[in-house]
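*Asks:* I have a structure I would like to understand better, so I am pasting it below and will then ask my questions one at a time.
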Amino acid sequence: MSLQIPHRGKTNGVSPSTKAVILVGGSSRGTRFRPLSLDVPKPLFDVAGHPIIWHCLTAIDKVPTIQDVYVIGYYEESVFRDFIKDASTEFPNLSIKYLREYQALGTAGGLYHFRDAILKGSPQHIFVLNSDVCCSFPLNEMLKMFREKDAEAVILGTRVSEEAASNFGCIVSDPHTRRVLHYVEKPESYISNLINCGVYLFSSDALFPSIRSAMKRRADRPARLYSYPSSDNLENSFIQTNDDDESRSNDGVIRLEQDILSDMADNKTFFVYETKDFWRQIKTAGSAVPANALYLQKAWQNNSEELAKPSANIIPPVFIHPTAHVDPTAKLGPNVSIGPRATVGAGVRIKESIVLEDAEIKHDACVLYSIIGWNSRVGAWARVEGTPVPVTSHQTSIIKNGVKVQAITILGKECGVGDEVRVQNCVCLPFKELKRDVANEVIM
Amino acid sequence: MKALILVGGFGTRLRPLTLTLPKPLVEFGNKRMILHQIEALAAAGVTDIVLAVNYRPEVMEKHLAEYEKQFGINITFSIETEPLGTAGPLKLAEKVLRKDDTPFFVLNSDVTCDYPFEQLAAFHKAHGDEGTIVVTKVEEPSKYGVIVHKPNHPSRIDRFVEKPVEFVGNRINAGMYILNTSVLDRIELRPTSIEQETFPAMVRDGQLHSFDLEGFWMDVGQPKDFLTGTCLYLSHLTKKGSKLLTTGKPYIYGGNVLIDPTAKIGENCRIGPNVTIGPNVVVGDGVRLQRCVLLENSKVKDHAWIKSTIVGWNSTVGRWARLENVTVLGDDVTIGDEIYVNGGSVLPHKSIKANVDVPAIIM
């Protein structure tokens with residue numbers, strides 16, 4: 001009997017090598033994730049007990065041909081140092097490196113900038129994952145399609161409601177062959193409800209030449225007329241160009257979505273793999289709550305050992321960090337994550353929420369559809385409450401009395417909610433004490 | 001002695017409670033409103049009570065028959081076939097009120113206070129004139145009709161000033177009177193107002209006096225005032241050192257808590273101040289109650305939080321529910337677990353499964 005060693009590209013010359021890139025962006029781009037991103041970079045924010053980016057790595061680890069993973073962004077190196085160290089232990093088959101952009105180069109620009117590192121060892125395929133999506137990352141299925149179709153690129157797509165579609169990159173595909181016929185980023189009018197999930201698989205031979213030609217097109221074209229003007233949105237595209245003037249004039253900024261995909265639809269064998277599984281964007285801080293729910297449900301379906309055992313007071317799925325203290329009379333779930341060293345008192349109710357490290361929820365308090373920040377305290381009989389958003393909705397804000405408010409209530413780091421105080425649909429910046437009932441407000 | 005209680009109509013202002021019971025039968029401080037008045041009248045030597053009503057609910061007759069026996073008094077209904085205002089009902093009940101020559105009490109059924117009937121009768125007898133109005137001191141006289149006395153006289157009324165702009169006094173009509181039977185000669189059997197017609201005529205003749213009410217007074221005709229009146233009543237019981245109040249229990253917080261002996265209270269609750277809990281009420285564990293009334297057979301489940309709310313008979317409040325801001329639950333209402341109700345008026349037999357974020361009537 002010989003030990004079966006997992007087939008990795010490096011050790012097995014037969015299997016073509018694949019690499020993965022995770023795009024994490026930078027702190028100046030995480031503003032929509034405030035107030036949580038004031039204290040932790042979005043990719044490292046914990047949902048379902050693990051950093052957002054960890055969920056990407058878990059999926060990557062399931063692709064046997066991947067060995068090298070590059071995390072590309074413009075955060076300082078120190079930001080990811082501890083995470084990469086821990087992840088290297090947890091995913092021993094992966095070699096994870098952080099590549100720092102010193103200026104924002106755009107999603108494609110960053111890839112191109114680091115092309116030498118990425119192309120080292122001549123990988124055939126490159127997965128590119130945006131870290132701000134939450135999904136089941138069916139990478140093996142995408143790879144299978146890639147091989148079957150002999151494709152140059154495969155994009156992960158999902159169906160959303162017609163109303164929601166125009167907020168995303170829209171894909172028109174041949175219903176039989178699944179070939180991408182047309183791609184438009186955030187169209188004005190309805191094009192298709194099949195949208196870009198922000199997960200791609202490219203052949204190395206197609207990706208870099210495409211970026212290069214996009215850069216060339218950019219250089220050849222007057223900056224102000226870069227967009228795709230059509231007779232009815234000329235004015236709009238002009239304004240858009242004007243808005244982005246600074247970044248447009250910067251030759252380095254090339255985005256996969258705007259600058260590459262549309263071109264690939266025309267010139268490359270480009271296919272879409274449509275996932276029927278869950279998919280959500282993690283843009284605003286409030287979107288961490290549905291993401292938490294979806295990853296917890298996935299862990300529950302996979303019988304993950306990490307989750308709390310169901311009982312009269314635990315409605316699955318619930319994640320409780322081993323160092324957290326939860327009183328047995330507290331009722332938790334569904335879709336609750338309790339972070340390290342958090343304490344949850346007697347008779348507490350927590351539903352559809354994230355309680356972060358070192359937070360304290362006192363007895364008989366009720367926390368619904370909320371995020372309780374690091375070290376924050378919720379008083380006895382307090383009620384911290386958000387509003388449920390329909391599962392099919394990709395919005396994290398709701399209209400109340402004609403005013404747009406955040407659906408999810410968020411307490412930033414070290415906030416305090418007094419005993420018996422009620423906080424509803426509020427976003428509370430770090431270090432604030434809430435002594436009176438508040439609703440539908442942002443508390444500076 | 002005799003008394004007439006002005007009950008009037010259906011008590012629509014106290015809905016949704018009065019969709020189930022006529023207002024005089026609604027429990028105030030764990031005792032039916034009308035019983036507070038009957039007790040005080042009987043204690044002052046009243047033997048005949050007339051209830052002036054414009055409808056005749058059978059449920060009321062049953063209870064009143066019981067009270068007749070209990071206090072050894074006669075209670076009769078005087079039913080208006082058309083609304084007769086505040087004076088007309090006196091004329092309609094003339095037969096009972098003229099039974100003998102003693103003066104009779106008139107009181108508004110919505111008023112709660114420490115009823116001073118004995119002292120009122122003594123004061124009335126002492127001045128010897130036709131009528132005495134109980135008056136109470138208010139902070140903002142400009143909202144009411146204010147009583148002005150004759151110069152150099154402590155009680156004889158000179159005039160009434162409706163909603164005075166300038167300060168003329170701070171005593172207002174408290175809705176309780178003692179009148180000689182001769183006053184009935186001043187009233188015709190037609191819709192007529194005692195405040196607008198009968199009293200001004202008596203004032204012109206120098207026949208009307210005022211009597212200062214000691215302590216609390218409240219018109220509890222609507223839910224907001226019902227809750228405020230309950231607080232005043234409970235404070236009054238505390239001041240008197242009443243044995244009715246629950247003290248010495250670990251869950252009592254801030255006092256003024258009245259709990260029926262048949263009610264069950266769970267562990268780790270915090271109850272008070274100003275809470276009334278009726279018979280057979282079940283309060284679960286870790287419940288927080290303040291400034292609220294739980295009527296008979298209601299149930300509050302574990303970890304609920306209730307403030308400024310009336311929980312109707314047989315209603316259930318779910319776990320981790322939060323009720324506040326003058327929420328009133330009618331009979332047999334169910335509030336789901338974790339539900340928030342802000343100023344909801346919930347009609348009987350409704351089940352609430354979604355938050356009521358802003359004050360609303362739930363039909």
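The values are calculated or read from the model by the stated rules, or taken from the named source; none is laboratory data. Here the structure is a predicted model, which is why all the values come from computation and not from measurement. Virtual Cβ from ideal backbone geometry, glycine too; neighbours counted across all protein chains shown. Quick note on the areas: whole protein, heavy atoms, side chains included, nothing else; ligands and nucleic acids left out. Shrake-Rupley method; radii C 1.70, N 1.55, O 1.52, S 1.80 Å.
*Asks:* Residues of the range B:306-329 being assigned to a strand (DSSP E or B) and either at pLDDT below 95 or among the aliphatic types (A, V, I, L, M) (or both), which ones?
*Replies:* Across the range B:306-329, the qualifying residues are B:ILE306, B:ILE310, B:VAL311, B:VAL317, B:LEU323, B:VAL328, B:LEU329.
*Asks:* Answer yes or no: is there a residue in the range B:345-354 that is away from chain A (no Cβ under 12 Å), within 23 Å of the chain's Cα centre (by Cα), assigned to a strand (DSSP E or B) and closer than 30 Å to B:LYS239 by Cβ.
*Replies:* No, because not a single residue in the range B:345-354 is away from chain A (no Cβ under 12 Å), within 23 Å of the chain's Cα centre (by Cα), assigned to a strand (DSSP E or B) and closer than 30 Å to B:LYS239 by Cβ.
*Asks:* Then there is this: Of the conditions (1) open to solvent by 10 Å² or more (accessible area, probe 1.4 Å); (2) within 14 Å of chain B (Cβ to nearest Cβ), A:VAL348 fails just one. Which one is it?
*Replies:* (1)
*Asks:* Here's a check for you: in the range A:317-345, which residue that is farther than 21 Å from A:GLU305 by Cα and away from chain B (no Cβ under 12 Å) is surrounded by the fewest Cβ atoms within 10 Å (Cβ to Cβ)?
*Replies:* Applying the filter and picking the extreme gives A:THR343.
*Asks:* Still on this structure, I have one more. Could you please find all residues in the range B:290-305 being in a strand (DSSP E or B) and either under 19 Å from A:VAL367 (Cβ atoms) or among the polar types (S, T, N, Q) (or both)?
*Replies:* Listed by number, the residues that qualify are B:GLN290, B:TRP305.
*Asks:* Would you pick out the residues in the range A:373-404 that are open to solvent by 30 Å² or more (accessible area, probe 1.4 Å), part of a strand (DSSP E or B) and away from chain B (no Cβ under 13 Å)?
*Replies:* A:ARG377, A:LYS404, listed by residue number.
*Asks:* I want to confirm something. Restricting to the range A:357-372 and keeping residues that are of a type in the set (A, V, I, L, M) and buried (at least 24 other Cβ atoms within 10 Å of the Cβ), which single residue is farthest from B:ASN268 (Cα to Cα)?
*Replies:* Selected residue: A:ILE371.
*Asks:* Can I ask one more? Output the residues belonging to the range B:293-312 that are more than 10 Å from chain A (Cβ to nearest Cβ), farther than 17 Å from A:THR329 by Cβ and either among the acidic types (Asp, Glu) or surrounded by fewer than 23 Cβ atoms within 10 Å (Cβ to Cβ) (or both).
*Replies:* Within the range B:293-312, B:GLU296, B:ASN297, B:LYS299, B:SER308 meet the criteria.
*Asks:* Which pairs turn up if I take residues in the range A:428-440 that are of a type in the set (A, V, I, L, M) and look for partners that are part of a loop (DSSP other than H, G, I, E, B) and surrounded by fewer than 16 Cβ atoms within 10 Å (Cβ to Cβ) with beta carbon separation below 7 Å, at least 6 apart in sequence or on another chain?
*Replies:* A:LEU429/A:MET444
*Asks:* Would you say A:ALA87 is buried (at least 19 other Cβ atoms within 10 Å of the Cβ) and touching a Ser or Thr at 6+ places or on another chain (Cβ under 7 Å)?
*Replies:* Considered against the rule, which asks whether it is buried (at least 19 other Cβ atoms within 10 Å of the Cβ) and touching a Ser or Thr at 6+ places or on another chain (Cβ under 7 Å), A:ALA87 comes out as no.
*Asks:* While we're on this one: Taking into account only those residues within the range A:50-74 that are open to solvent by less than 20 Å² (accessible area, probe 1.4 Å) and in a loop (DSSP other than H, G, I, E, B), which is nearest to A:TYR295 (Cα to Cα)?
*Replies:* The residue in question is A:VAL63.
*Asks:* What pairs can you find where one residue is in the range B:112-129 and assigned by the TED database to the domain that holds B:ALA174, the other is open to solvent by 60 Å² or more (accessible area, probe 1.4 Å) and among the acidic types (Asp, Glu), and their Cβ atoms are less than 7 Å apart, with a gap of 6+ or different chains?
*Replies:* B:ASP114/B:GLU214; B:PRO116/B:GLU214
*Asks:* Are there any strands (runs of 3 or more DSSP E) wholly within the range B:171-289 with 3 or more residues that are of a type outside the set (Phe, Trp, Tyr) and within 19 Å of B:ILE5 (Cβ to Cβ), and if so which?
*Replies:* Filter on the range B:171-289 gives B:171-179.
*Asks:* Let me ask you something else. Part of a loop (DSSP other than H, G, I, E, B), of a type in the set (A, V, I, L, M) and crowded, with 20+ Cβ neighbours inside 10 Å - does that describe any residue in the range B:90-111?
*Replies:* The answer is yes, given that some residue of the range B:90-111 is part of a loop (DSSP other than H, G, I, E, B), of a type in the set (A, V, I, L, M) and crowded, with 20+ Cβ neighbours inside 10 Å.
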